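Note sheet for the following structure.
The values are calculated or read from the model by the stated rules, or taken from the named source; none is laboratory data. Note that this is a predicted model, so its numbers are computed, not measured. All Cβ positions, glycine included, derive from the backbone under ideal geometry; neighbour counts span all protein chains shown. Only protein heavy atoms, including side chains, enter the accessible area calculation; ligands, DNA and RNA are left aside. Shrake-Rupley method; radii C 1.70, N 1.55, O 1.52, S 1.80 Å.
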There are 2 protein chains.
Amino acid sequence: MTEVISTELQQQLDKRYGAGAPIADGVGNETLEVLLRHRTTRRFLPGTVSDTELRLIIAAAQSASTSANFQFTSVVVVDDPALRNRLAELAGGQQLVRDAAVFLVWVADWSRNIAIATEHGHSIEATAYLDSAVSSIVDVTLSAQNAAVAAESLGYGITFVGALRNNIDAVIAELRLPQWTFPVYGMAIGVPDPADPADIKPRYGQSVVVHRNTYSPPAAADVQDYLDRINAYYREQELPADWAKNRLAGRISTKESLHGRQHIRRTFGNQGFELR
Amino acid sequence: MTEVISTELQQQLDKRYGAGAPIADGVGNETLEVLLRHRTTRRFLPGTVSDTELRLIIAAAQSASTSANFQFTSVVVVDDPALRNRLAELAGGQQLVRDAAVFLVWVADWSRNIAIATEHGHSIEATAYLDSAVSSIVDVTLSAQNAAVAAESLGYGITFVGALRNNIDAVIAELRLPQWTFPVYGMAIGVPDPADPADIKPRYGQSVVVHRNTYSPPAAADVQDYLDRINAYYREQELPADWAKNRLAGRISTKESLHGRQHIRRTFGNQGFELR
């Protein structure tokens, strides 16, 4: 007789992966449950994040790995309601930017390091290259994800707001971001509305994303298994199903689907990044 | 009389921030302790990560936020010793690439989404723009940081290996990465050697990195406080002190300090990314 395993972690794995889910097999801890529990929060109830909690969220962000200790992360805490409102509009009219208890803008910031190096009389040559932008985006994102996990461990919901890049020049102007910085995305943190139907969303099976020593394209059956699971999820949510047709293709087929983000290269140049 | 607060979380905060550390004030949980405990692991003891643990680490990675559910993350598990050895050399001769129980290469992967969209008869235009590379790097890094936190929650140590980009073309060839993919960094996971002196590393005070509504350059005294703390840390570790002079400036003053990463733009182009 097979024993039914029904830990929270196993239930989470089942929601992510369906019938082929990995078996937790007794492995697990509170942190893994926080990580696996993640779902997008698009509706927030009124409520606050305490100053102490916000400081711990930022401390978690700063505790992430950082390339050569460069600490490229700056974060703008937006609590002015009028500014929140303008950012909500710049991000395509997202109400959650207004409603979240805390709204953060994560900024890739070379300016501190450049100031310090310049004071020591050094020239700055490396920043002209694409890798410098890449390494700072990586740095900020390691930090931001730690902040997300910290907030979720405290019971809050979070959502990343990449659509801030739709109008990146206006965001830079609003936040008065200096040369050698650029905003990468926003993050809404707050009390999740339990009426929000969003649940743990299915992801590709591990056979699709994990490769062994060399890359192997996914089996068609494994991709189809995923398309079936994600479409079933959208139907349950009463959202338009057919993820591949309605969502994926609609976002990559035309440059207009980038909603302004096709222009960020010019902005990077204006901010100092040649991306050679 | 002031009560002495000495939780693990408070001790971690004190190591990160010194005298001006935030006070945890009774807030805390196991996940925050895992996040704040992070330190780079450069020396690994022999030991393994079980298959179940690795599946849970990958499940954590896939549970992170992903832009429009695009799931840009692929991960190559490198367990062939000869391949490990070659990657170690390509990353500047890093022994930890050989010694880690698990070595992962995190890959930004547009190829799956492009294949699906093409099957549906759609043209692909958005991928020509810089933002497409940015959004996929963000996606991979949200995943990779979740994997790092999951591994650390299980008692392992981790280190990111950005130096894989030093020889990105050779890494692409070794892992047979197809068009519309690129490797972002490696990650070593394993049993930390307790003899490794690396400790929780000081970071900038929160006043330096946190801005309120608009960006404000850091106060010189706050930057100097940090330089004093990080230099004291390096002296304790018996490493060359003067972070600003020896480490920071040495890494950004010349293009040669990028150790080959000044050429990644050409590689992005070869892989299909025009970065318009």
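Brief remarks follow.
- Near pairs, Cβ below 6 angstrom, 6+ apart or cross-chain, from the stretch A:143-157 (within 8 Å of another protein chain (Cβ to nearest Cβ)) to any residue that is surrounded by fewer than 24 Cβ atoms within 10 Å (Cβ to Cβ) and assigned to a loop (DSSP other than H, G, I, E, B): A:SER153/B:ASN29
- Of the residues making up the stretch B:153-167, just one is open to solvent by 10 Å² or more (accessible area, probe 1.4 Å), outside any loop (DSSP other than H, G, I, E, B) and of a type in the set (A, V, I, L, M), namely B:ALA163.
- Checked against the criterion of being at negative phi and of a type in the set (A, V, I, L, M), the stretch A:61-68 has at least one qualifying residue.
- Residue match in the stretch B:180-187 (condition: more than 21 Å from the chain's Cα centre (by Cα), modelled with pLDDT under 95 and within 28 Å of B:LEU130 (Cα to Cα)): no
- Screening A:GLN271 with (1) polar (S, T, N, Q); (2) surrounded by fewer than 20 Cβ atoms within 10 Å (Cβ to Cβ); (3) at pLDDT 95 or above gives one miss only, at (2).
- Pairs, first in contact (Cβ under 8 Å) with a residue 40 or more places away in the chain in the stretch B:80-106, second in a helix (DSSP H, G or I) and surrounded by fewer than 16 Cβ atoms within 10 Å (Cβ to Cβ), C-beta under 7 Å, six or more apart: B:LEU90/B:ALA170
- Given (1) at pLDDT below 95; (2) in contact with a Phe, Trp or Tyr (Cβ under 8 Å, 6 or more places away or on another chain), index of the condition A:GLY162 fails: (1)
- Cross-chain or 6+ apart pairs with Cβ under 8 Å, the stretch B:109-121 first and in contact (Cβ under 8 Å) with a residue 40 or more places away in the chain, then surrounded by fewer than 13 Cβ atoms within 10 Å (Cβ to Cβ) and not β-branched (Val, Ile, Thr): B:SER111/A:PRO217; B:SER111/B:GLN179
- A:ARG266 vs. criteria more than 30 Å from B:ARG276 (Cβ to Cβ), more than 7 Å from every other protein chain (Cβ to nearest Cβ) and open to solvent by 30 Å² or more (accessible area, probe 1.4 Å): no
Condition check ((1) open to solvent by less than 20 Å² (accessible area, probe 1.4 Å); (2) modelled with pLDDT under 95) across all residues:
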{"residue": "A:PRO202", "(1), (2)": "yes, no"}
{"residue": "A:VAL209", "(1), (2)": "yes, no"}
{"residue": "A:ASN213", "(1), (2)": "no, no"}
{"residue": "A:PRO217", "(1), (2)": "no, no"}
{"residue": "A:LEU239", "(1), (2)": "no, yes"}
{"residue": "A:GLU256", "(1), (2)": "no, yes"}
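- Residue count for the stretch A:170-203 satisfying the condition of being polar (S, T, N, Q) and either free of Cβ contacts under 8 Å to residues at least 60 places away in the same chain or in a loop (DSSP other than H, G, I, E, B) (or both): 1.
- Hey, A:ARG247 under 21 Å from the mean Cα position of the chain (by Cα) and not acidic (Asp, Glu) or not: yes
- Leading residue by the ranking (surrounded by the most Cβ atoms within 10 Å (Cβ to Cβ)) among those in the stretch A:53-90 that are farther than 24 Å from B:ALA144 by Cα and charged (D, E, K, R): A:GLU53
- Test: residue in the stretch A:81-98 that is under 21 Å from B:SER257 (Cα atoms), within 21 Å of the chain's Cα centre (by Cα) and either outside any helix (DSSP H, G or I) or of a type outside the set (Phe, Trp, Tyr) (or both): no
- Checking A:GLY93, A:GLY28 one by one, the residue that is surrounded by 15 or more Cβ atoms within 10 Å (Cβ to Cβ) and small (Gly, Ala, Ser) is A:GLY28 and no other.
- The stretch A:33-52, residues that are open to solvent by less than 40 Å² (accessible area, probe 1.4 Å) and either in contact with a helix residue (DSSP H, G or I) (Cβ under 6 Å, 6 or more places away or on another chain) or touching a residue at least 40 places away in the same chain (Cβ under 8 Å) (or both): A:VAL34, A:LEU35, A:LEU36, A:HIS38, A:THR41, A:PHE44, A:GLY47, A:VAL49
- Qualifying residue in the stretch A:103-117 (condition: within 7 Å of chain B (Cβ to nearest Cβ) and over 29 Å from B:LEU32 (Cβ atoms)): yes
- Residue match in the stretch A:90-110 (condition: among the charged types (D, E, K, R) and within 18 Å of A:ASP169 (Cβ to Cβ)): yes
- Here B:TYR129 fulfils each of the conditions (1) touching a residue at least 60 places away in the same chain (Cβ under 8 Å); (2) more than 7 Å from chain A (Cβ to nearest Cβ) apart from (2).
- Here A:PRO22 meets each of (1) at the interface with chain B (Cβ under 10 Å from one of its Cβ atoms); (2) open to solvent by less than 30 Å² (accessible area, probe 1.4 Å); (3) within 23 Å of A:ASP139 (Cβ to Cβ); (4) of a type outside the set (Val, Ile, Thr) with one exception, condition (3).
- Cβ-Cβ under 8 Å pairs, at least 6 apart or on other chains, the stretch B:212-232 side at the interface with another protein chain (Cβ under 9 Å from one of its Cβ atoms), far side open to solvent by 70 Å² or more (accessible area, probe 1.4 Å) and not in a helix (DSSP H, G or I): B:THR214/A:ARG176; B:TYR215/A:ARG176
- Only a single item in (1) assigned to a helix (DSSP H, G or I); (2) open to solvent by less than 10 Å² (accessible area, probe 1.4 Å) is not met by A:SER135, and it is number (2).
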